[in-house]
Amino acid sequence: MRKRGRVLGTVGVALLGTAGVAVAAFAIWQMLFAAPAGPQPPAPGDALFVSPDSFAARAAAEGGEDAASEAAAYLAAQPTAVWLTPETYPIGSVTAAVEGILAQARAQDATPVLAVYGLPDRDCGNFSAGGLDAAAYPGWIDAIAAGLAADPAQSAVVILEPDALALDCDEPEVRTAQIADAASRLAAENTFVYVDGGHSNWRSVPEMATLIAEVAEAAPGSIRGFATNVSNGNSDADESAYARQLVGQLEAWGFDDLHAVIDTSRNGAPHTGSEWCNVRGLRVGAVGGTWGDDVIDTNLWIKPPGESDGTCNGGPPAGAWWPEAAVELTRDIL
């Protein structure tokens, strides 16, 4: 890319006379102030998709005037990621499901956020165990990509396999190769892919940056950046600092123009301890799409508030709706 001063000098030399000066002034104005060309990732203030089919929406539709119903109704109205798992959306139905989500998002004039969560040996056999075998996984990713390609002008955010890089099952080379291949298959002009970036209380910056760099190197141009704090409760300040440190380390290694998104779905009462599964006392954080900066594209609600982390601390199976958690998360709002 040419330096700005050199561009302006070229314009000034090439365009002479009164008319030329006017044209030159307009050209300079465009370069300095006009909106960036081409697809852009979501930024603070942009509309994000609110799914009418979320567990919160289903719970709210049951009606009632108790605290659980009020919590469900509030959470159902907030833009939250839609999680795609092979258990819920197998290869034969996931393309149509993604097409439907994009159609609903277009009707809302909003950007959908999709969390793709079907990696082999998912969660390393822990509470969210499952996923596909290594032979079937690429085909499932292709089916998701086909759904996104059905409306190529509709922007979409993909959070690719939360926890997969930071929690590598002691097989980092396998994990980074699988994620890079999936990112390459999903890459499209209006699809913004963010890989797992762990969180500020987990992997060190050099460790996490190394894993992200390996994906970026193996899938050049396929990822927008990384997502941090998914399903966790670290503070906005801690996650922002961590994201900036990761980007700085990646830039030092030659990986330019990577950005972050931060999950603020459950960090309204920040928690930095080692406990992570259905932590009590958490509150929802800033609603998705409300803040960001030059490094952080925007904050998002990636983990749907009110859905369980697993059968720990009294919770139901991972991903199930848990009314008690919904009430606790919204206690300071409702």
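Observations on the structure shown:
- Residues located in region 119-162, provided they are touching a helix residue (DSSP H, G or I) at 6+ places or on another chain (Cβ under 7 Å) and modelled with pLDDT under 95: 129
- Some residue of region 269-281 being of a type outside the set (Val, Ile, Thr), within 18 Å of the chain's Cα centre (by Cα) and part of a loop (DSSP other than H, G, I, E, B): no
- Here is the figure for region 291-332: residues that are polar (S, T, N, Q) and within 14 Å of the chain's Cα centre (by Cα) total 2.
- Residue satisfying all of: in region 119-154; in contact with a Lys or Arg (Cβ under 8 Å, 6 or more places away or on another chain), among the aliphatic types (A, V, I, L, M) and assigned to a helix (DSSP H, G or I); farthest from residue 38 (Cα to Cα) among these: 141
- Residue pairs meeting the criteria (Cβ under 9 Å; at least 6 apart or on separate chains; first farther than 21 Å from residue 261 by Cα, in region 37-58; second polar (S, T, N, Q) and part of a loop (DSSP other than H, G, I, E, B)): 54/80; 56/78; 56/80; 57/51
- Region 320-334 - residue that is in a helix (DSSP H, G or I) and not hydrophobic (A, V, I, L, M, F, W, C) and, of those, nearest to residue 85 (Cα to Cα): 323
- Residues in region 155-206 that are farther than 27 Å from residue 101 by Cβ and assigned to a helix (DSSP H, G or I): 172, 173, 174, 176, 177, 205, 206.
- Leading residue by the ranking (modelled with the highest pLDDT) among those in region 31-62 that are more than 23 Å from the chain's Cα centre (by Cα) and assigned to a loop (DSSP other than H, G, I, E, B): 62
- Any hit, region 58-66, residues being among the small types (Gly, Ala, Ser) and surrounded by 21 or more Cβ atoms within 10 Å (Cβ to Cβ): yes
- Only one entry of 260, 237, 286 meets the criterion of being small (Gly, Ala, Ser) and within 19 Å of residue 215 (Cβ to Cβ), and that entry is 260.
- Residue 86 vs. criteria more than 18 Å from the chain's Cα centre (by Cα) and assigned by TED's automatic domain parsing to the domain that holds residue 300: yes
- Residues in region 246-266 that are assigned to a loop (DSSP other than H, G, I, E, B), surrounded by fewer than 24 Cβ atoms within 10 Å (Cβ to Cβ) and either in contact (Cβ under 8 Å) with a residue 24 or more places away in the chain or under 20 Å from the mean Cα position of the chain (by Cα) (or both): 253, 255, 256, 257, 258.
- Breaking point among (1) assigned by TED's automatic domain parsing to the domain that holds residue 187; (2) in contact with a Lys or Arg (Cβ under 9 Å, 6 or more places away or on another chain), for residue 68: (2)
- Flag if residue 293 is part of a loop (DSSP other than H, G, I, E, B), of a type in the set (Asp, Glu) and surrounded by fewer than 22 Cβ atoms within 10 Å (Cβ to Cβ): yes
- Residue in region 204-215 that is β-branched (Val, Ile, Thr) and over 30 Å from residue 149 (Cβ atoms) present: yes
- Qualifying positions in region 211-244 - in a loop (DSSP other than H, G, I, E, B), aliphatic (A, V, I, L, M) and within 16 Å of the chain's Cα centre (by Cα): 223, 230
- Selection of region 177-206 for residues being out of contact with any helix residue (DSSP H, G or I) (no Cβ under 9 Å at 6 or more places or on another chain) and not small (Gly, Ala, Ser) yields 189, 192, 194.
- Lone qualifier among 311, 272, 228, 298 - being under 23 Å from residue 126 (Cα atoms) and crowded, with 24+ Cβ neighbours inside 10 Å: 228
- In region 94-118, the qualifying residues are those that are assigned to a helix (DSSP H, G or I) and of a type in the set (Val, Ile, Thr), and the one that is nearest to residue 50 (Cα to Cα) is 101.
The values are calculated or read from the model by the stated rules, or taken from the named source; none is laboratory data. Since the structure is predicted, the reported quantities are computational estimates derived from the model, not experimental observations. Note that each Cβ is placed from the backbone with ideal geometry, even for glycine, and that neighbours are counted across all protein chains shown.
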